[in-house]
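A.B. asks: Pasting in a structure now, in structure tokens, and then I'll have a few things to ask.
Each reported figure results from applying straightforward, stated rules to the coordinates on display, with no laboratory input. Bear in mind that the values here come from a model prediction, so they are computed numbers and not experimental data. Using ideal geometry, Cβ is built from the backbone for each residue, glycine included, and neighbour counts are taken over all protein chains shown.
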Amino acid sequence: MDIAQPLLRFDGVICRFGDVTAVDGVTCDIAAGSFVALVGASGSGKSTLLKTVNTLVAATEGRVLFAQADVRDLRPAALRRRVGYVFQGIGLFPHFSVAENIAIGPRLAGEKLAPSRIAELLELVELDPAFATRMPDELSGGQRQRVGVARALAGGPELLIMDEPFGALDPITRDALGRKVRELHDALGLTTVMVTHDMAEALLLADRVLVMNAGALVADETPRALLAGAGGAIAQGLVAVPRQQAERLAAMERAP
Ligand SMILES: Nc1ncnc2c1ncn2[C@@H]1O[C@H](COP(=O)(O)OP(=O)(O)OP(=O)(O)O)[C@@H](O)[C@H]1O
């Protein structure tokens with residue numbers, strides 16, 4: 001692939017649902033190999049924008065290009081294979097085993113995953129391969145999310161898109177899984193776009209942070225630039241939350 005070309009391009013994307021304009025003209029390139037966090041207030045259009053990538057939502061206007069092809073022109077099976085996703089509300093199939101859940105994408109594309117590949121995927125997300133035969137309700141929330149990540153990686157995707165993947169987890173599991181995903185991103189040479197409500201998570205995991213407000217992109221900065229004050233008032237309002245928490249904790253430590 002031409003390295004000058006982005007892996008993902010949002011080109012004037014607008015998404016309307018009746019009277020609501022959820023995404024209001026987003027234009028942005030995402031380079032291969034980058035880890036991008038998408039943040040912003042509830043209802044700002046993050047999930048909708050992400051869903052245009054795997055065509056769960058169709059752009060009303062504009063285009064989404066994946067490796068220079070309009071996603072609407074790609075065969076769904078090919079798109080599913082090349083774009084792994086972990087989405088809020090799209091959990092594991094409860095009546096399928098862990099192995100069957102992980103293998104579902106390739107199976108829909110007519111390919112059977114070997115047990116050794118399933119074991120390898122479980123090991124990638126630090127689960128014992130013996131989990132393959134378990135049912136989802138026999139797993140903790142964190143383990144289920146790990147299986148969700150393994151499922152997203154099963155087709156050997158180039159792009160990983162994640163919508164609040166760690167939202168329902170306790171802070172320690174959330175931190176561990178976030179680091180694991182960043183490690184997998186680096187090791188597998190992925191391109192990752194992750195929606196998160198947690199600015200600290202975005203700053204710590206991503207190379208680049210996109211901030212949405214009322215359907216529009218209002219900031220596009222590196223974590224370092226955001227911490228140095230860049231990005232404007234909305235971005236800085238989000239950065240202030242973890243910064244003030246850290247300052248309050250530091251003040252408590254200093255207090256007699
Ligand atoms: N299928 C839909 N039908 C109608 N309106 C929708 C639909 N999906 C999203 N919306 C609306 O579009 C706007 C943006 O929603 P979206 O879920 O993209 O925001 P978000 O930034 O991801 O929010 P959150 O952080 O709460 O998940 C909201 O006003 C929402 O109600």
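A.B. asks: State whether one or more residues within segment 81-93 are assigned to a helix (DSSP H, G or I), more than 16 Å from the ligand (Cβ to nearest atom) and surrounded by fewer than 21 Cβ atoms within 10 Å (Cβ to Cβ). Steps first, please.
C.D. replies: Just the residues of segment 81-93 that are assigned to a helix (DSSP H, G or I), to begin with: 81-82.
Subsequent filtering for residues that are more than 16 Å from the ligand (Cβ to nearest atom) retains 81-82.
Narrowing further to those that are surrounded by fewer than 21 Cβ atoms within 10 Å (Cβ to Cβ): 81-82.
Yes, some residue in segment 81-93 is assigned to a helix (DSSP H, G or I), more than 16 Å from the ligand (Cβ to nearest atom) and surrounded by fewer than 21 Cβ atoms within 10 Å (Cβ to Cβ).
A.B. asks: Would it be correct to say that K46 is more than 25 Å from A240 (Cα to Cα) and either within 8 Å of the ligand (Cβ to nearest atom) or more than 14 Å from the chain's Cα centre (by Cα) (or both)? Explain how you work it out, then say what you get.
C.D. replies: Values: more than 25 Å from A240 (Cα to Cα): no; either within 8 Å of the ligand (Cβ to nearest atom) or more than 14 Å from the chain's Cα centre (by Cα) (or both): yes.
Spelling it out, it is not the case that K46 is more than 25 Å from A240 (Cα to Cα) and either within 8 Å of the ligand (Cβ to nearest atom) or more than 14 Å from the chain's Cα centre (by Cα) (or both).
A.B. asks: To continue, here is another question. Can you tell me how many residues in segment 25-73 are under 24 Å from A200 (Cα atoms) and assigned to a loop (DSSP other than H, G, I, E, B)?
C.D. replies: Residues in segment 25-73 being under 24 Å from A200 (Cα atoms) and assigned to a loop (DSSP other than H, G, I, E, B): 9 in total.
A.B. asks: Counting residues that are more than 20 Å from the chain's Cα centre (by Cα) and either within 25 Å of A69 (Cα to Cα) or within 16 Å of the ligand (Cβ to nearest atom) (or both), which helices (runs of 4 or more DSSP H) fully inside segment 144-256 reach at least 2?
C.D. replies: Details: elements: 171-188, 199-205, 223-227, 232-254.
Correct list: 232-254.
A.B. asks: Tell me yes or no: at least one residue of segment 2-14 is over 16 Å from the mean Cα position of the chain (by Cα), more than 22 Å from T222 (Cβ to Cβ), in a strand (DSSP E or B) and within 14 Å of the ligand (Cβ to nearest atom).
C.D. replies: Yes, the conditions are met somewhere in segment 2-14.
A.B. asks: Identify the single condition in (1) away from the ligand (no atom under 16 Å from the Cβ); (2) in contact with a helix residue (DSSP H, G or I) (Cβ under 9 Å, 6 or more places away or on another chain); (3) at negative phi that V64 does not satisfy, given that it satisfies every other one.
C.D. replies: (1)
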